Amino acid sequence: MVDTLLRLQEEWGMPPISAEVADVLRKVPRHVFVPEVSLEDAYATDYAPPVQRTGDGLITSSMSAVRVQAMMLDQAGLGPGMRVLEIGSGGYNAALISELVGVGGEVTTIDIDPEVSDRARRYLDEAGYKDVRVVTGDAEYGVEAFAPYDRIIVTVRAWDLPPAWTAQLTDHGRLVTPMRLRGVSRTVGFDRVGDHLASRPDHHLTVFVPMQGAGAHEERGIAVQGDDIALYGAEEPVDVAALRNSLHGPRKEFWPGIEFTYPDRLHLWTAAHADRYAMLHVAGDVLEHGPSGPLARQPVPVVLADDGSVAVRTKRSLGDGRFEIGVFAYGPRGQDAAQNYIDVLRAWDRHDGSMARIEVWPSGTPDADLPTNRVRVLDKPHTRTVLAWP
Ligand SMILES: C[S@@+](CC[C@H](N)C(=O)[O-])C[C@H]1O[C@@H](n2cnc3c(N)ncnc32)[C@H](O)[C@@H]1O
């Protein structure tokens, strides 16, 4: 498993895996924590075995893919003697953390689902990690009893970041957490800086089950056409019937001559820079003139006009694994939306390629205290998340 991971990391665009993390991955027996799956599945590099479902089959807990676990452990930068809180349990990841912090360290893991925490406890004991503490409860409130933590690693998708997470970090502690930013998923490593969090240079695309409990947030999509076409993350009202008509009508194509690099970073750039932005989900080829090819199966950032016209990003191959970005315009004012989109893409093309800087400030922080180079501020009940580029 580790050899495959090391071989594939570049192909997958993963950051390099440190020798320390590779060593502990070789040491902890992963299959002990998922006895219900085959050895092959337990040691697959990009598979997250489901461990818990709701009555209607929705997965509420899975053992994260080892690819993601390795990446997050490196984002956390764990070292001997650290005190660590893991949010969302499975046992395996907590065992890896325990190996990384060593005998002088302390590991606590919390899960809201008692069946999940029970099995984590059982398998941790079986694998020889009796020192790892397993707590059942809602991680919205952290685990005050064993705070402060040098590191908090969140393995569930947070929509807002609860104040307890920052408060329970040591002064220079680090939080690694998956986030949703206007419909875009990123796993971000943050340093605590006083009352706020500042992202470290690397953050990555990951997919996690959503948080339950007090911090649960149902992301409401707008159904544009039954279950086939939906919009997520739209902040302004959308004329759904007009949008549906636009998407079924003819389209114009624009190819502004920009090469396509780092698609997931471009998602976040678009989410921050475009006004009237949303993520469009289209199931299969339901649109005759719609975005075809790989885009049809993946959510894509779009720019809307207020009459239901829309501009949709697409791409075409330039050969040698290179791609060019294009924009499809639908509806009477599609061309205006496309022009707005192209302005955002040109700005992307001009910028120096650096990653977004993400800062999370307590809600109620006045604008005057936020970074002056901010591009967008996302306000949620507990936090003001600032997106900026250096
Ligand atoms: C992806 S799984 C955890 C995987 C685990 N860390 C591993 O590496 O195998 C996410 C877990 O978060 C738990 N969870 C969801 N909401 C929670 C909350 N508010 N507090 C604590 N745990 C929560 C779920 O029950 C689920 O078991």
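The values are calculated or read from the model by the stated rules, or taken from the named source; none is laboratory data. In this text, all values refer to a predicted model and were calculated from it rather than measured experimentally. All Cβ positions, glycine included, derive from the backbone under ideal geometry; neighbour counts span all protein chains shown.
Consider segment 131-151 and keep the residues that are small (Gly, Ala, Ser) and either assigned to a strand (DSSP E or B) or surrounded by fewer than 20 Cβ atoms within 10 Å (Cβ to Cβ) (or both). The one that is nearest to the ligand (Cβ to nearest atom) is 137.
Somewhere in segment 88-96, is a residue within 9 Å of the ligand (Cβ to nearest atom) and polar (S, T, N, Q)? Give the derivation first.
Quick first cut of segment 88-96, residues within 9 Å of the ligand (Cβ to nearest atom) only: 88-94, 96.
From what is left, the residues that are polar (S, T, N, Q) are 89, 93.
Yes: one or more hits.
Here residue 90 does not qualify as small (Gly, Ala, Ser) and farther than 20 Å from residue 158 by Cβ.
On the basis of being more than 22 Å from residue 139 (Cα to Cα), within 11 Å of the ligand (Cβ to nearest atom) and surrounded by 18 or more Cβ atoms within 10 Å (Cβ to Cβ), does residue 30 make the cut? Break it down stepwise before answering.
Numbers: more than 22 Å from residue 139 (Cα to Cα): yes; within 11 Å of the ligand (Cβ to nearest atom): yes; surrounded by 18 or more Cβ atoms within 10 Å (Cβ to Cβ): yes.
The answer is yes for residue 30.
The lone criterion from (1) closer than 30 Å to residue 375 by Cβ; (2) touching a helix residue (DSSP H, G or I) at 6+ places or on another chain (Cβ under 7 Å); (3) buried (at least 21 other Cβ atoms within 10 Å of the Cβ) left unmet by residue 154 is number (2).
Only residues that are more than 9 Å from the ligand (Cβ to nearest atom) and not polar (S, T, N, Q): list them for segment 97-114, please. If you could, list the steps in order and put the result at the bottom.
At the first step, the residues of segment 97-114 found to be more than 9 Å from the ligand (Cβ to nearest atom) are 97-108, 114.
Within segment 97-114, 97, 99, 100, 101, 102, 103, 104, 105, 106, 107, 114 meet the criteria.
Residue check: is residue 155 hydroxyl-bearing (Ser, Thr, Tyr), within 14 Å of the ligand (Cβ to nearest atom) and under 29 Å from residue 384 (Cβ atoms)? So residue 155 passes the test.
Just so you know, in segment 45-94 the residues that are touching a helix residue (DSSP H, G or I) at 6+ places or on another chain (Cβ under 8 Å) and of a type in the set (D, E, K, R) include one that is surrounded by the fewest Cβ atoms within 10 Å (Cβ to Cβ), and it is 46.
Looking only at residues of segment 333-362 that are touching an Asp or Glu at 6+ places or on another chain (Cβ under 7 Å) and more than 30 Å from residue 252 (Cβ to Cβ), we find that the one that is surrounded by the most Cβ atoms within 10 Å (Cβ to Cβ) is 355. Taking the criterion of being in a strand (DSSP E or B) and of a type in the set (D, E, K, R), the residues of segment 171-225 that qualify are 171, 174, 180, 186, 191, 192, 200, 202. Only one of the numbered conditions (1) in contact with an Asp or Glu (Cβ under 8 Å, 6 or more places away or on another chain); (2) assigned by TED's automatic domain parsing to the domain that holds residue 240 is violated by residue 312, and that is (1). The residue that is farthest from residue 36 (Cα to Cα), counting only those in segment 67-87 that are within 9 Å of the ligand (Cβ to nearest atom) and β-branched (Val, Ile, Thr), is 87.
Within segment 213-228, if we keep just the residues that are more than 16 Å from the ligand (Cβ to nearest atom) and under 25 Å from residue 378 (Cα atoms), the residue that is surrounded by the fewest Cβ atoms within 10 Å (Cβ to Cβ) turns out to be 220.
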